[in-house]
Every structure is written in structure tokens, then in C-alpha cells.
Amino acid sequence: SAIRCAQLGFNTAIIEKYPTLGGTCLNVGCIPSKALLDSSHHYHDAISHFKEHGIDVSGEIKVNMDQMIARKAGVVDQNVAGIKYLMDKNKITVLQGVGSFEDATHIKITKDDGSSEVIEAKNTIIATGSKPSTLPFIKIDKERIITSTEALKLKKVPKHLVIIGGGVIGLELGQVYLRLGAQVSVVEFLDRIIAGMDAALSKELTKVLKKQGMKFYTSHKVKAVERKGDTVTVSAENAKGETITLEGDYTLVSVGRRPYTENLAAEKAGVKISERGMVEVNDHLQTNIPNIYAIGDVVRGAMLAHKAEEEGVMVAEILAGQKPHIDYNLIPGVVYTWPEVASVGKTEEQLKESGIKYKVGSFPFKALGRSRASMDTDGFAKILADEKTDEVLGIHIIGARAADLIAEAVTAMEFRASAEDIALMSHAHPTFAEAVKEAALDATAKRSIHS
């Protein structure tokens, strides 16, 4: 948002509490978790697939946890330096400290040493993000009972990692440590993992992760989490009212995130905050105070870095007198497990609930030549299209490189493509992207070529 404001000619300053820029995603979220996912994937391939590929390694292949965490930190540092370069390039003033409102046009910046200064701002964009949530009875000690932040810098591989919450963050970090040799158990309150995504994706991911050794306790309500020494005991109640207990050396609490508005002193500016701590905004991301806007995790909608980025650009352009627009239905969601899971548009469950008549086309990755060549045969692509008009209503993919493939789906839906439009486009062979074309053929008239 700051960069776009600067590009549009605004005198721009950014206030940041931490010594590094980039927020949650870059420092303790998407980027470091992807670095660990990649490192653990290499290790897993080495011990599981090298032999079949004809690669013999003499001696034991071991995990060097210190080096793995150091590489992750290096990736983060590189990106942080990149953001600093962009601030300098765009002549954005960076002020380190905690920003809080004095009134609607004055912001106090309190520094680490206790000193403070007050700046005046014609317009302000609140982008304070989110923090990991917990459950009222869980005491997170950041040693054995941890959040995603601590899970990104463990000194050793857990023997048994118990994860509370079967969402994106828990599953990604769970797979990191599963690959590195930990026993991983996931306790989920709802009846399936990644509950916000299409049920077919949940089912397939559960099947694949079970095959890899992950254990699932769905429809289980956590009742207590207690630590004794190096052991953490999680007690949960199943649908029948029976209590189960899981003992692990680490428990990761990943029950979502909450908006972070503490110490903002929004009330001094008159900005309305909801009961859940969210900044209330209109369709233009404007708060009830006309010169104050809010974006990202601190406002309604999916807590995704790319959604926040679109909102940041939108506000900058609104301030410049332009008329930008975001279609929230076309913000893709991704889970970076392997296989990856990616989704955009409506799920089958949502279409059923809305009473919209639709048709389904799907294609399995195991029928792709590229998947067989790389031994990535799990998953499928699924397209939901309007029964009458053939307009694509949702695309759901689980499989290798699904995170990259979903961009094609977003593009198609942005231009209101029909399933037949996608089916008529040439897709290079052999690629994973052919699954999307084949699913489109299947949705068009059940005329998939390779299944």
C-alpha cells in the first residue's frame, strides 16, 4: 500500500513496531514456512524416492536442524532487505515504533527506548495485521505449548507433535515435522480438515496425509491442555462424548488468527472496532472516520497476504481519485502441503446451499504423463460450471504445483470464461496444467480425452 501511495505521488510514511519490515507473512508466516516446507520436502525425497530414481547415497542422510533453520532465516533476511530497498527506492519514510492515534489526524510513535514523537497525517491506513488465536483454557508457554511463530524455529524435531486445528497453518507445519521424522496427530473440532475449502479437497488431502503417516481426530473438541516437564497432554471429547488423551513433547495451537488492534488507541480517533477486535470498514475499506482506512487481516474477509496486497493498492488508488475494484470471490486460497491444494470461486457445498444448478468436471493427476514422470500422482482438478451458461463458478485443485495452477483459474474466472473456453485452449504437453484442460473438457460435455 505504501509503495502504491508513493507511486501515485503521496508523501508516504510507514510506521512499523518491529525492527524488520514485511509483517507476519514475511517474518513469521508464509515465507519462512515455505522455506521449511521446501527443505523438508528435499529430505523426504532423499530418504523415500532417491533409490527408485537410481540415486544411491553412501552413508546416512541426516537432518541438520540448525542449518535448516539458518537457511530459513537467510531467506527471510533476503526478503526483508528487498523490502527495505523498495522503501528507499520509493522514498518512503520508515518510522520504527508503536503507532497509536492521538486523534483522527495525529499519530504518536512510541519507540523501544520509551521516547515518542507525534506526526500529522492527512490520510491513514490501518494495516496492523493479526496474531495467532488460542483457546481460553490453553496457556501458551512458547516452549512446549506453541504457536506457529515458535514452530518455525524449533531446535529439534519433535517426537510427537500434537496439533490443535486442522487448518492451513497446522497442516503445513505438521507436514514439515512429519517428513523430518515426527509422529504428528491433528485434533480438529469440525468433521473435516481445511473445512473452508471444497469437501472433495478435504477428503483427498486427508487420504494422502494419512498415507504419509499423519493421524487425524476430527469431530473432537479439545477440553484441556496440560504440561508436565517435557510432556504435553491434550484431552479431547469425540462426537460420542468419550474423552481421548494424546501425549506429545510439543503441542501446536493453530486455531486461526485474530485481528491485532491492541495499543492502536482507535477510540481516540473515533474509529469503530467490532467486538471481535476487527476494524469496521465500508466497501471502499473506509472506516467511519472519512480519512482513515483499514486493510488486510485487521478487516473482514480471508486473512491472506495477497488479499491484503490487493486492498492496499485499492485504497491508494481510491485516495488518488481512481475507481478500483476487488472481486473477493476471485481471491484464491492455497495450502502448501504436498500435494498442494488450491481453490478459487464457489465450492460445491456453497452452490448446493444457494440452489444454483451446476455441472462438475474432474480429472485425476495419475492420468497425466507429467505426474507419472515425477511420481506426483496424487490429486485431481475439479471444475464447477453453471448448468445452463457453462460459466465457470469454481475451480478446485489438489496435486503437484496446484498453487501455481490456480492462477489460470483466476484469470479464466476474471474474464468470465466458460468451461468450454478453457477446454478449447491449448495446454503444453506434458504439464500438470493439462489436468485443468481435461477437467474443463469433462465439465463441457463429459469428453475428457485422457480418462
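The values are calculated or read from the model by the stated rules, or taken from the named source; none is laboratory data. Just so it is clear, the model here is predicted, and its values are computed rather than measured. As a convention, Cβ positions derive from the backbone with ideal geometry for all residues, glycine included, and neighbour counts pool all protein chains shown.
Cβ-Cβ distance below 9 Å, separation of 6 or more or different chains: which pairs start in the range 83-97 with a residue that is touching a residue at least 60 places away in the same chain (Cβ under 8 Å) and end on one that is in a strand (DSSP E or B) and small (G, A, S)?
From the range 83-97, the pairs are I92/A13; T93/A13; V94/A13; L95/A13; G97/S116.
Considering only the range 235-263, state which residues are in contact with a His (Cβ under 6 Å, 6 or more places away or on another chain) and over 20 Å from K156 (Cα atoms).
A236, N238
So if I check each of L36, L21, which one is closer than 22 Å to K155 by Cα and surrounded by 20 or more Cβ atoms within 10 Å (Cβ to Cβ)?
Numbers: L21 fails: closer than 22 Å to K155 by Cα.
Exactly one of L36, L21 is closer than 22 Å to K155 by Cα and surrounded by 20 or more Cβ atoms within 10 Å (Cβ to Cβ), namely L36.
Restricting the range 211-270 to residues that are part of a strand (DSSP E or B) and aromatic (F, W, Y), which is surrounded by the most Cβ atoms within 10 Å (Cβ to Cβ)? Walk me through it before giving the result.
Step one: list which residues in the range 211-270 are part of a strand (DSSP E or B), which gives 215-217, 221-228, 231-237, 243-248, 250-253, 257-259.
Then drop every residue that is not aromatic (F, W, Y), which leaves 216-217, 250.
On the way: F216: 17, Y217: 20, Y250: 24.
For the range 211-270, the residue satisfying everything is Y250.
Give me the pairs, please: first residue somewhere in the range 120-141 and crowded, with 16+ Cβ neighbours inside 10 Å, second residue anywhere and among the small types (G, A, S) and part of a loop (DSSP other than H, G, I, E, B), beta-carbon distance under 6 Å, and either six or more positions apart or on two chains.
I125/S1
Only one residue in Y358, Y328 is aromatic (F, W, Y), in contact with a helix residue (DSSP H, G or I) (Cβ under 8 Å, 6 or more places away or on another chain) and under 30 Å from I273 (Cα atoms). Which one?
Numbers: Y358 fails: under 30 Å from I273 (Cα atoms).
Being aromatic (F, W, Y), in contact with a helix residue (DSSP H, G or I) (Cβ under 8 Å, 6 or more places away or on another chain) and under 30 Å from I273 (Cα atoms) holds for just one of Y358, Y328, which is Y328.
K108: surrounded by fewer than 22 Cβ atoms within 10 Å (Cβ to Cβ), charged (D, E, K, R) and either within 19 Å of S1 (Cα to Cα) or not assigned by TED's automatic domain parsing to the domain that holds I318 (or both), yes or no?
Judged against the criteria, K108 is not a match.
For the range 395-420, name all the residues that are in contact (Cβ under 8 Å) with a residue 12 or more places away in the chain and over 20 Å from the mean Cα position of the chain (by Cα).
Filtering the range 395-420 for residues in contact (Cβ under 8 Å) with a residue 12 or more places away in the chain gives 395-403, 405-410, 412-414, 416-420.
Scanning the range 395-420 gives A412, M413, E414, R416, A417, S418, A419, E420.
Out of all the residues in the range 310-331, which are more than 18 Å from G345 (Cα to Cα) and without any contact (Cβ under 8 Å) to a residue 24 or more places away in the chain?
Hits for the range 310-331 are G321, Q322, K323, P324.
Given (1) at pLDDT 95 or above; (2) part of a loop (DSSP other than H, G, I, E, B), identify the lone condition not met by G277.
Every condition holds for G277 apart from (1).
Considering the range 401-451 alone, what residues qualify as being of a type in the set (K, R), touching an Asp or Glu at 6+ places or on another chain (Cβ under 7 Å) and either under 27 Å from K357 (Cβ atoms) or at pLDDT below 95 (or both)?
R416
Exactly one condition in (1) assigned to a loop (DSSP other than H, G, I, E, B); (2) in contact with a helix residue (DSSP H, G or I) (Cβ under 6 Å, 6 or more places away or on another chain); (3) not assigned by TED's automatic domain parsing to the domain that holds A409 is false for A308; which is it?
Every condition holds for A308 apart from (1).
Pairs needed: first member in the range 260-278, acidic (D, E); second member anywhere, at pLDDT 95 or above and surrounded by 20 or more Cβ atoms within 10 Å (Cβ to Cβ); C-beta distance under 9 Å; at least 6 residues apart or different chains.
Correct list of pairs: E262/T128; E267/F101.
Which count do you get for residues in the range 66-93 that are among the hydrophobic types (A, V, I, L, M, F, W, C) and exposed (fewer than 15 other Cβ atoms within 10 Å of the Cβ)?
Step one: list which residues in the range 66-93 are among the hydrophobic types (A, V, I, L, M, F, W, C), which gives 68-70, 73, 75-76, 80-81, 83, 86-87, 92.
From what is left, the residues that are exposed (fewer than 15 other Cβ atoms within 10 Å of the Cβ) are 70, 73, 81, 86.
Qualifying residue count, the range 66-93: 4.
Kindly list, by first and then second residue, each pair from a residue in the range 144-156 that is more than 16 Å from D230 (Cα to Cα) to a residue that is among the β-branched types (V, I, T) and buried (at least 19 other Cβ atoms within 10 Å of the Cβ), limited to pairs with Cβ atoms under 8 Å and residues at least 6 apart or on different chains.
T147/V253; S148/V28; S148/I169; T149/V28; L152/V28
List pairs: first residue in the range 346-369 and under 19 Å from I194 (Cα atoms), second residue among the hydroxyl-bearing types (S, T, Y) and part of a helix (DSSP H, G or I) anywhere in the structure, Cβ distance under 9 angstrom, at least six positions apart or on different chains.
K346/S354
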